[in-house]
Every structure is written in structure tokens, then in C-alpha cells.
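Report on the following structure.
The values are calculated or read from the model by the stated rules, or taken from the named source; none is laboratory data. Model, not experiment: these values are computed from the prediction. For neighbour counting, all protein chains shown are included, and Cβ atoms are generated from backbone atoms with ideal geometry for every residue, glycine included. Just the protein is used for accessible areas: all its heavy atoms, side chains included, with ligands, DNA and RNA removed. Shrake-Rupley method; radii C 1.70, N 1.55, O 1.52, S 1.80 Å.
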Amino acid sequence: VGLVYMFNLIVGTGALTMPKAFATAGWLVSLVLLMFLGFMSYMTTTFVVEAMAAANAQLRWKRMEKRKDDEDEDSSSGVSDSDVLLQDGYERAETRPILSVQRRGSPNIFEITERVEMGQMASMFFNKVGVNLFYFCIIIYLYGDLAIYAAAVPVSLMQVTCSATGNHSCSVGDGTKYNDTDKCWGPIRRIDAYRLYLAAFTLLLGPFTFFNVQKTKYLQIMTSLMRWIAFILMIILALIRISRGQAEGHPSMAQLSGIRNLFGVCVYSFMCQHSLPSLITPISKKKHVNKLVLLDYILILAFYSLLSFTAIYCFRNDTLMDMYTLNFTNCKIISVAFIRYFLGLFPVFTISTNFPIIAVTLRNNWKTLFHREGGTYPWVVDRIVFPAITLIPPVLVAFCTHDLESLVGITGAYAGNGIQYLIPAFLAYCSRKDTQLVFGSGTVNKHLSPFRHTFWIVFVLIWGFSCFVFVTANIVLSESKL
């Protein structure tokens, strides 16, 4: 179940922008980069699992030390050791389930039984500067996420409703290029329709940021079900079109100009590191967790490849939309109106359920960043200021641009790069140093990453920093050309 959740978490909105990114970078370059980034993401996932085990060991050790101190205090207060031991032993025997007595054995100190979130691991293993950089990185990533969501829903609504009226009925994906200034309904332009939908989206979902979002299990099940139906439908429809000889795509092998966005989209599409503690901790038998996660990554890689290759061979490069679902709102491709509207409006349903959850997560991260030990916030700051600084910036970004490919690309290339590569590598390095310091150099973490040599940590760090430089240089060069 944990691995199904991981699959659902990784295969999200990023996958919908991947076909366009594949088309602009060329199929060979895209495939090689996708496989390489999948491998890198798997490596850093094993780093996070290792750091989680080290954090659990630290917490267990601190509790044991505290218990020893308490026992020393008890013994000095006149109670005999044998009384304490007998009492303690009796209580534990009474409260422990009968069957677990035979099976118990001595628990490994590195067993992952307690959920330790990335922020807590950062505060355990990093210094103050490192902790602040971690929160800065995760806050920027979540802002990017919210901006993508805030733009994706109005874009889908604008494309579907503007093409369903007037002379160009069902022509979203027919290759007709629309400008934002083109008319939508009467005097209202397409950009005006987009902003109206954005305002409605903000008014409907924005208030959730001011409250806590709980009990989302059924929403998540519904979202997952709809996501699977939509993705499988798109793959099948593209394959049918190719098999009938109606394919129009002639993708190039390599176009270096498209690598920047493809890199960002791929990083964003493999993102799961920040949610691993919630996914891995509940798994009861973690002996083969790294192998099972590898299987997950292989399946996701195959799925992304299938989705993107069917897309780039089915549709011409210039007709592929930022949001791939919108390519299926054309009457020539699908004659059934229900399927057209279901796929066209698919991002509206699924993204709308995720927006409040991510907004609340970002708000809580802001609170943690400024939290002072033992202090509380005034009501206005807690209930008004933090939700407002969470909601306003992404809505403003979405108001200024609805270029989803660039939004996903920049979020993935910068903040995603930090969360997926740099933070896990530093966590693995610092947790190993801490473990040796506390438990001695002979102690072996049972969840040690298969990439245990220091070379791999250095490799990930060099790769992460060089990606920052490459993406920034690419943006500067492309801007100067314009």
C-alpha cells in the first residue's frame, strides 16, 4: 500500500507537462535524461531512508539515556534497584501482548518505527544555517507548486469553455494557435476569461488556507481513481490513433534548446523525497524497502516513457499543449463528448483537491521557520498573516503568467533540485557523521543506502550545483537572445 501511495504521489501534475517537454528536447535526449534523473532520484530516496533510520536511532538513544538518568535518581532516593527492576519487568510483562513475547528478540536501534519528517531531520543533523536553508528551499518549492496549481485549473477551464463556444467548437487541440487577446465570449478576451476563472478558483479554495485540512482520505482515493482513468485513456487513445495511421508526430532526435525545461519537468515529476517519512514509516516489514522502491521507480519510468512517446508520435510538436489532457478535447480525436470534457477538465478536479493540502503544508512551514521555543503567535499573525503570505504570492504569479511548462521547469530546476538532490545528500553525509560520533565507528545502519560510498554523495552534490549553474546560464542566454 505504501508503494502504491508513492506511485500516486510521484505520478502527478508534472506528468501532464512532460509530453510537450519531450517534444521540444527531442526523443533521444529526453529518454536518456529521464532515465538518468530517475536513477538520481532513486539514489537520493535511499539517502533519505538511511537518514530516517539514523534519526530513529538518535531518538531511541536519547530516550534510553533519559531513562538511565531517571533510574539513577530513583536509586539515589532510597528505592532498591531490585524493586525498580521487578516492578518495571512486571509492568512490561502485563502490558505486552502474549504472542509478541516469543517473537520480540532485541529490536534493532536503527528500526524505522517513528515518523521523522524532513524538517525534524534537518534540525537534528544540520546547523542553524542549514536548517534555515532547508526551510527556504521547501517554502520556495511549495510556492512553485501552488503557482502551478493556481494556473493549471483556470487554463484548463479557459481552453475548454472558450473552444466550446462560437465558430471554433471543439478545436482546442486542432493546431489552431490562439493569442490571449483573441475573443472568448463576446467582448471578453481569452486572458480575461483566464483571470475570471483564477479569481473564482482563489475565492473558492483560498479560504481553506485559513483553516486546517483533515480527513482527506476519500478525496485522495477519488483523485487517484480519476488520475488513473485519465492517464490510461490518454495512452489508449493515442495508441489507437497511431495504429490507424493517423499519427502526425515527427519528433526530432535532439534539440538542446529544450533541455532546460525538460530537466525541470523531469525533476518535478520524480519528486517524492519530502513525503517519504509519511510513506515509509507505516510499512511493517522494511527489510527489502530499497528493492521495492527501485521497482516503483522502474514502473514510473516505463509509465512516463509510454505516455510521452505515444504523445510525441500521435501529435505534431506545434500542436502539443502545455497541459497534455487538452490535446484530447478536439472532436477529430474523440467523438464522445463526455470523454472530451472529462479529459479537458481532469486537472480541475484533481488539482483542486490537492491545492488546500499543499497550502496548509506551506503555512505550517512558515510557522515552524519563525517559531521561537515556548512562544506562541498573536491571533492576527497566526490566523491572518501566515495564511495571507501563503496564498497571495502564488495567485499573483498565476495572474502574471499561465505558461505552465516554464512554471514547472523553473520550480523543478531550482527548488526541486535542492529538495531532490542537495538536501538528501547532506542529510546522508551529516547523519553518517553523527551516527559514528554517537554509536562508534563500528556501528552499521541496517538501512544504509546501497550507494554507501562517499563518492556517491559527492557526485550528487556536484550534479546538483552544476544543474543550478546550467539552468541559470541557459535562462540568461535565452533572455539575452530575446
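Remarks
- Hits in the range 110-122 (condition: crowded, with 18+ Cβ neighbours inside 10 Å and more than 16 Å from T368 (Cβ to Cβ)): F110, I112
- When restricted to residues that are small (G, A, S), crowded, with 23+ Cβ neighbours inside 10 Å and at pLDDT 90 or above, the range 24-52 contains 3.
- One residue alone among I259, I240, I221, I283 is among the hydrophobic types (A, V, I, L, M, F, W, C) and under 21 Å from T17 (Cα atoms), and that residue is I259.
- Screening the range 361-378 for residues that are of a type in the set (A, V, I, L, M, F, W, C) and farther than 23 Å from L205 by Cβ and picking the one that is most open to solvent (accessible area, probe 1.4 Å) gives F370.
- Subset of the range 255-281 (residues that are open to solvent by less than 60 Å² (accessible area, probe 1.4 Å), over 18 Å from L301 (Cβ atoms) and outside any helix (DSSP H, G or I)): T281
- Restricting attention to the range 180-219, the residues being surrounded by fewer than 15 Cβ atoms within 10 Å (Cβ to Cβ) and assigned to a helix (DSSP H, G or I) number 7.
- Top-ranked residue in the range 320-334 [being of a type in the set (A, V, I, L, M, F, W, C) and at pLDDT 80 or above; ranked as nearest to T209 (Cα to Cα)]: M323
- Residue match in the range 381-392 (condition: of a type in the set (D, E, K, R), open to solvent by 50 Å² or more (accessible area, probe 1.4 Å) and in contact (Cβ under 8 Å) with a residue 24 or more places away in the chain): yes
The rows are residues; the columns are (1) buried (at least 22 other Cβ atoms within 10 Å of the Cβ); (2) at pLDDT below 85; (3) closer than 16 Å to Y149 by Cα; (4) touching a Cys at 6+ places or on another chain (Cβ under 7 Å).
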| residue | (1), (2), (3), (4) |
| --- | --- |
| I283 | no, yes, no, no |
| N290 | no, no, no, no |
| L295 | no, no, no, no |
| C314 | yes, no, no, no |
| V336 | no, yes, no, no |
| G344 | yes, yes, yes, no |
| T353 | no, yes, yes, no |
| I357 | no, yes, yes, no |
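- Of the numbered criteria (1) in a loop (DSSP other than H, G, I, E, B); (2) among the acidic types (D, E); (3) over 30 Å from W27 (Cβ atoms), the one D382 fails is (1).
- Matching residues, the range 123-145, being open to solvent by less than 10 Å² (accessible area, probe 1.4 Å) and at pLDDT 90 or above: F134
- Number of the condition not met by G249 [criteria: (1) surrounded by fewer than 19 Cβ atoms within 10 Å (Cβ to Cβ); (2) in contact with a Phe, Trp or Tyr (Cβ under 7 Å, 6 or more places away or on another chain); (3) not in a helix (DSSP H, G or I)]: (1)
- Filtering the range 455-478 to residues that are under 22 Å from the mean Cα position of the chain (by Cα) and either farther than 19 Å from A415 by Cβ or open to solvent by 90 Å² or more (accessible area, probe 1.4 Å) (or both) leaves I457, F465.
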